[in-house]
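Before any comments, here is the structure.
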Amino acid sequence: MAGHKKLENEDEKAKDLEVCEIIVKPKDIDDRGAWGNKVEYLLACIGLAVGLGNVWRFPYLCHKHGGGAFLIPYFICLIFEGVPLMYLEMAVGQFFRSGSVNCWSKIHPMLRGIGVGCVCVSMLLCLYYVIIIARCFLYFFNSFTATLPFNVCATVAGVDLNTTCCEISNDKANYYYWNNVLQASSGFNDISNFNWALLGCLALSWVICYICVFKGVESSGKAVYFTATFPYLCLVILFFRGVTLPGAVDGILVYVKPDFTKLLNGQVWLDAATQIFFSLSLGFGALVAFASYVPYKNNVGRDAIIVSLVNCGTSIFAGFVIYSILGYRQHQGIGDIANVSSGSGLAFVAISEAVSQMNAPYVWAILFFTMLILLGLDSEFGTLEGAVTPLIVDMKLFPTVRKEIVSAVFAGVLFVLGIGFCSGGGEYMIIVFDTYGMNIPILILALCECLAVGWVFGTDNMSAAIEDMQGTRPSKFFTICWKYISPFLLIVIFIVTFVQNMMESPTYPTYVGCAEDSDKIVKVVELPLSAQLIGWAIVVCAVFPIPLYMFLNRKSEPNKMEFLKSIAYSVKKDRDYDMESMFHRPGQSVMNGDHKNGGMNGFSDNERL
C-alpha cells in the first residue's frame, strides 16, 4: 500500500510538472510567438532605431549647425521628446499585448485609426526604403574589383550619349551614381530607362527581409544577433582606418568644432527635434509591436533609455568615422567638406569617392557597404514586422492563413509595387515619398499617441500600468512630458513643417548630363505640380484612418459626444478605467485574452525587473 501510494504521489507530481511546463511555455499559451530572451528584444529595438540616417544625416546636421554646439539642442530634444515617446510606445505595447491597431482601440474604439495609420506609414516606408538597400547591394557587388567602377568614367549603353560628361564635370563618383546606378531620366514625368541589375538587388533585398521575418520575432530575434551587431564591428574598423588617414583631423574638427551662434537659428532646433524623432523610429508602430512580445513583468523604462542612448551614441560615433574620411577626401583635393550634402549623396558619392583613393580600396568599399546594408535591413524588417503584426493579430485579416504565407504575399506585393523605383524616374519618386509620405503623417500619428495616453487613457492610469509591469511608477517628469511637453513640441514641429511645405516651392535634383554646354551632372529644379499632388495624396491616405475610425465608431458610444467630453473632462480627472481588470495576473487573460501570463524562454527574473 505504501508503495502504491508512493507511485500515485509520483504520478501526481509528474502531472503537476507537466501542467507547470505548459503554463510557462510561450508557444502553448500564445501563438503570437515571443522573443527568445531580453538580448534579442533590445538588439531588435536598437537595429530598428539605428539606421542609415545615423550614418548619413546626423553627422551632416552636426557639421551644418555648429558642430559640437548642435549637441545641445540634440540632447535637449532627446530628453524632452525622444526618450518620453519611446517609453510611451514601449509601455503601451507591453501593457496591452497587441500590435499598434488593438493597443489604441483598447484605450478607446475611436482611436483605432491611429494604429491603422501606423500600418499605412510603415507600408509606405517599407515600399521605398528597401530600394536604398538595393542600391547598397549594387555598390557592394560592384566593389569586388581592383578598380572600383565609381573611380573611372564609364557609361551604360543606351543611357547616356554624352560620353565626355564624366571628364568635363571631373566628378566620377557623382556621374557613376546618376548615370550608371540610377540611370536617371530627365525628370519626374520621364520614366525612361530601367536598371535591371538594380531590380535583381531589390529582389534579393526582399528575399533577405522575408527570411528574417517569416516567423515573426522568432526568426527576426535570431537574425538581429548578426544584423544589429556586425555594423558596429564595421564602424569600429572604419573608425581606426579613418583617423589614421592624412587630413582626418581637419575633417573631425569641422565635425565637432562648436559654433554657438548657430543656436540662435530656429532651424537648428527644428532639425535637432526631427532628427531625434525619426532616428528613434517613433510613430511607425514597430516599437509597439516589438514590446508586445516581451514578458509583462519587464522594466520598460530602462529598455527605453538604453535604446535611446545607444541610438544617439551611434550617431555621434558615426560622425567621427564619416568626417575623418571626408577630411581625407579634402586632403586628396577631390572635394571640399563644405560642399558635402546629406543622404544618399554623402554615402554613394562623397564617401565612395574617398574610399576609392585609399590603398586596397575594394576592401574598404566592401566593408562600408556591408555596414550600410545591415543597417538598412535591420530597420526594414523591423518596420515590416510593425506592419504585418497588426494585420494578422489585431485586424485578423487572414485568420486561417499561416503567418509565413501572409508575410510572403505581403513582401511580394511590395516588391512588385517597388519595381517602378528601378526606372529612370525612381529617384524622383523616392524624393516625393520621403518629403511628403513620412514627415507630416508621422508627426500627426505621434501627436495622437501622446493625446491618447495623456488625455484619454490618462497619465495616472498609464503610471499604474507601468508600476504593475516594472514595480515602480514612472517619474513625474515622464507624465508631464506625455501630457504637455512632448505634444507641444510635436505641434510646433508639425506647424513649422507644414508651413514650410506650403510656403516654399519644393525642389529636387534632376539629371542633365552636362547638357546645354554645362559641366554640371545634375540641376536643381522645382518639383512639378503633379508630384506635389501625389505627395499630398500620400499624406491624406496615411492620416485619413484617424478621422475615419472616429466617424465609424461614433455609434458605439451611448452618447455621440462622450468621446469629446471625455477629452475635456480628463483635464481635471482621468477617464474611469477598471485598471484592476486590465492588470496581467497569473492564469488570467489580458484585456481580450490576447496573451496570458507566464515565463518566456531566456527572460530571467532580473531581466523582467
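List the number of the failed condition for C62; all other conditions in (1) buried (at least 24 other Cβ atoms within 10 Å of the Cβ); (2) modelled with pLDDT under 90; (3) over 19 Å from V254 (Cα atoms) hold.
(3)
Are any of the residues in segment 479-495 surrounded by fewer than 18 Cβ atoms within 10 Å (Cβ to Cβ), in contact with a Leu (Cβ under 7 Å, 6 or more places away or on another chain), of a type in the set (F, W, Y) and more than 30 Å from N193 (Cα to Cα)?
Yes, segment 479-495 contains at least one residue that is surrounded by fewer than 18 Cβ atoms within 10 Å (Cβ to Cβ), in contact with a Leu (Cβ under 7 Å, 6 or more places away or on another chain), of a type in the set (F, W, Y) and more than 30 Å from N193 (Cα to Cα).
Confirm whether K396 is over 19 Å from the mean Cα position of the chain (by Cα), among the basic types (K, R), at pLDDT below 85 and surrounded by fewer than 20 Cβ atoms within 10 Å (Cβ to Cβ).
For K396, the condition - over 19 Å from the mean Cα position of the chain (by Cα), among the basic types (K, R), at pLDDT below 85 and surrounded by fewer than 20 Cβ atoms within 10 Å (Cβ to Cβ) - is met.
How many residues are in a loop (DSSP other than H, G, I, E, B) and either among the basic types (K, R) or modelled with pLDDT under 85 (or both) when one looks only at segment 172-183?
If we filter segment 172-183 for residues that are in a loop (DSSP other than H, G, I, E, B), which is where we start, we get 182-183.
Then drop every residue that is not either among the basic types (K, R) or modelled with pLDDT under 85 (or both), which leaves none.
Number of matching residues: 0.
Here's the yes/no breakdown for (1) in contact with a helix residue (DSSP H, G or I) (Cβ under 8 Å, 6 or more places away or on another chain); (2) within 30 Å of L202 (Cβ to Cβ):
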position: Y428; (1), (2): yes, yes
position: G437; (1), (2): yes, yes
position: E449; (1), (2): yes, no
position: G458; (1), (2): no, no
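A quick yes/no check of all residues on (1) within 21 Å of the chain's Cα centre (by Cα); (2) within 22 Å of A173 (Cβ to Cβ); (3) not in a helix (DSSP H, G or I):
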position	(1), (2), (3)
S186	no, yes, yes
L198	no, yes, no
C212	yes, no, no
E218	yes, no, no
G221	yes, no, no
L238	no, yes, no
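Looking for something under 17 Å from the mean Cα position of the chain (by Cα), closer than 27 Å to G66 by Cβ and modelled with pLDDT under 90 - is there at least one such residue anywhere in segment 306-324?
no
So which of D434, D378 ends up being part of a helix (DSSP H, G or I), modelled with pLDDT under 85 and charged (D, E, K, R)?
D434
With over 22 Å from G425 (Cβ atoms) and free of Cβ contacts under 8 Å to residues at least 12 places away in the same chain as the only criterion, which of L233, L263, L270 stands out?
Result: L233 is the single residue among L233, L263, L270 that is over 22 Å from G425 (Cβ atoms) and free of Cβ contacts under 8 Å to residues at least 12 places away in the same chain.
The values are calculated or read from the model by the stated rules, or taken from the named source; none is laboratory data. Only a predicted model underlies this, so the values are computations on that prediction, with no experimental measurement involved. Backbone-built Cβ (ideal geometry, glycine too); neighbour counts: all protein chains shown.
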